[in-house]
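Below is one structure; the comments refer to it alone.
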Amino acid sequence: MPAPLLGDTSFVDATWIMIVKSILIFVVILTLVPVVLLAERKLLGRFQQRYGPNRVGPYGSMQPLADVGKLLSKQGFRPKGAVPILYEIAPALTVFSAVITLAILPFGDVQGGWGLYGIDVPIGVLYFFAFSSIAFYGLLLGGWASGSKYSFLGAMRSAAQLISYEIAMGLSLLGVVMMAGSLSLVDIVKAQGEIWFIVPQIVGFLIFLVAGFAETNRVPFDLPEADAELVAGYSTEYGGMRFGSYFFAEYIEILIISGIASTMFLGGWMGPGPSWLDPIWMLAKMLFLTFFFVWIRATLPRFRYDQLMTFGWKILLPLATLNVLVTAVLVVVT
């Protein structure tokens with residue numbers, strides 16, 4: 001009998017446990033972001049046959065801390081033509097969107113009276129799309145409120161790109177939802193006990209990854225901040241920690257996309273060994289996909305804007321729709 005559409009919400013953590021988990025998740029991701037940033041710069045150096053950061057601290061390990069110190073010490077500045085309140089709110093919206101989405105990533109099942117996840121909502125997939133979409137407003141407001149034409153053009157590109165690729169991303173996950181019979185991320189991981197969904201849903205997995213690059217504005221889809229055309233796009237007029245907030249949110253979003261892909265297609269926390277290894281397996285899968293983001297950045301050039309739109313609407317969207325239709329037929333027949 002297929003699992004119910006809504007996840008089992010009978011297990012609820014105590015309030016103090018929820019608070020502790022919230023702090024713990026944020027601290028872990030806050031620690032991972034500088035590690036990923038340093039690893040990316042090191043890997044890019046190796047890919048391009050040059051040295052990465054190697055001056056600040058042992059093997060350059062303190063470089064992220066030095067970068068944060070530099071951003072914090074910069075004088076605050078706002079362009080004369082900017083809209084003050086919206087200019088200030090925009091980076092905060094982007095960070096809020098990234099951080100609140102972390103709550104649904106499951107790092108394990110219930111163990112010792114603790115659920116190894118922030119929250120297990122019965123509409124986990126919809127929660128992901130709802131809150132990750134708030135980042136769209138952060139980018140759009142940042143570009144428009146800066147009072148710069150470069151920023152405004154970057155914001156418009158970002159809006160068109162996110163809308164175009166979010167449709168394909170949603171359809172790529174629909175096949176997994178139909179096979180698992182649930183929108184809860186915890187239930188979806190449990191449904192992969194016999195076989196990971198990357199096997200029957202390999203097309204959906206590839207579509208999700210490509211759309212994930214577009215959603216995080218990463219190469220080859222970094223058109224909203226194309227330096228050769230728009231200086232820095234929507235973030236052109238931002239400096240100091242306001243710029244750092246956009247930068248910070250981008251890397252959290254990379255980890256989120258990697259986490260969602262690991263949960264939906266790669267078995268989540270499942271792996272050989274005892275149950276206490278579950279969070280380690282989940283983190284290992286996330287970091288592997290994050291490495292893939294860096295690999296692609298070092299390999300592919302930036303698309304032209306017409307190529308970006310053509311690929312999203314004429315290739316990804318029809319392919320994702322076909323994948324959903326085939327999955328629906330197979331689920332009904334079997």
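A short reminder: the numbers here are calculations on the coordinates, not readings from a lab. Remember, it's a predicted structure, so these values are computed and weren't measured experimentally. In this analysis, Cβ positions are derived from the backbone assuming ideal geometry, glycine residues included, and neighbour counts consider all displayed protein chains.
Using the crude model of +1 on Lys and Arg Cβ and -1 on Asp and Glu Cβ, and no other charge, please compute the dipole size for region 235-306 relative to its Cα centre, in debye to 20.
The calculated dipole for region 235-306 is roughly 160 debye.
Which order results if 303, 47 are arranged by neighbouring Cβ count within 10 Å, fewest first?
Fewest-to-most ranking of 303, 47: 47, 303.
Report, in degrees rounded to the nearest 10, the 0 to 90 angle that the Cα long axis of helix 63-73 makes with the longest principal axis of the chain.
With rounding to tens, the tilt is 60 degrees.
Rg/Rh for region 66-155 to two decimals, with Rh computed the Kirkwood way over all alpha-carbon pairs.
Here Rg/Rh amounts to 1.15.
Kindly state, as a whole number, the per residue volume in cubic angstrom of the convex hull around the alpha carbon atoms of region 144-185.
72 Å³
Apply 1/(1 + (r/R0)^6) to the Cβ-Cβ distance of residue 307 and residue 331, taking R0 = 22 Å, and write down the FRET efficiency to the nearest 0.05.
0.05
What does the charge dipole of region 15-333 about its Cα centre add up to, to the nearest 20 debye, if the Cβ of each Lys and Arg holds +1 and the Cβ of each Asp and Glu holds -1?
Roughly 900 debye for region 15-333.
If each of residue 129 and residue 296 carries a label point 7 Å out from its Cα toward its Cβ, how far apart are those two points in nm?
With each label placed 7 Å out from Cα toward Cβ, I get 2.0 nm.
For region 40-57, take each phi angle, set θ = phi - 60°, evaluate the Karplus expression 6.51 cos²θ - 1.76 cosθ + 1.60, and give the result in whole Hz per residue in order, putting x for glycine and proline.
4, 5, 5, 5, 4, x, 5, 4, 9, 6, 8, 7, x, x, 8, 10, 8, x
Normalized C-alpha radius of gyration of the chain, against 2.2 N^0.38 Å?
1.01
Please say if region 221-334 is rounded, prolate or oblate, where rounded means a/c under 1.5 for a ≥ b ≥ c the square roots of the C-alpha gyration tensor eigenvalues, and otherwise the choice is prolate for a/b larger than b/c and oblate otherwise?
It is oblate, given that a/c is not under 1.5 and a/b is not larger than b/c.
Fewest to most neighbouring Cβ within 10 Å: what's the order for 278, 306?
In order of increasing Cβ crowding within 10 Å: 306, 278.
I need the Kirkwood Rh of region 278-334: take the reciprocal of the average 1/r across all distinct C-alpha pairs and report it in angstrom.
14.6 Å
With an 8 Å cut-off on Cα pairs and a minimum separation of 6 or more residues, tell me the relative contact order of the chain in percent.
It comes to 23 percent, rounded to a whole number.
Using helices alone, I'd like the mean residue ellipticity at 222 nm for the chain: each DSSP H run of four-plus residues gives -39500 (n - 2.57), total over residue count, nearest 500.
That comes out to -21000 deg cm²/dmol.
Most exposed first by the Cβ proxy, i.e. fewest other Cβ within 10 Å, how do 15, 236 rank?
Exposure proxy ranking, most exposed first: 15, 236.
Among the listed pairs 21/285; 74/285; 21/190; 42/74; 70/149, which have their C-alpha atoms separated by more than 30 angstrom in this model?
74/285
Using the Karplus curve 6.51 cos²θ - 1.76 cosθ + 1.60 with θ = phi - 60°, work out ³J(HN,Hα) for each residue of region 202-219 in order, rounded to whole Hz, and write x for Gly and Pro.
4, 5, x, 5, 5, 5, 4, 5, 5, 5, x, 4, 5, 5, 9, 6, 9, 3
Could you tell me the convex hull volume per residue, in Å³, taken over the Cα atoms of region 114-269?
That works out to 107 Å³ per residue.
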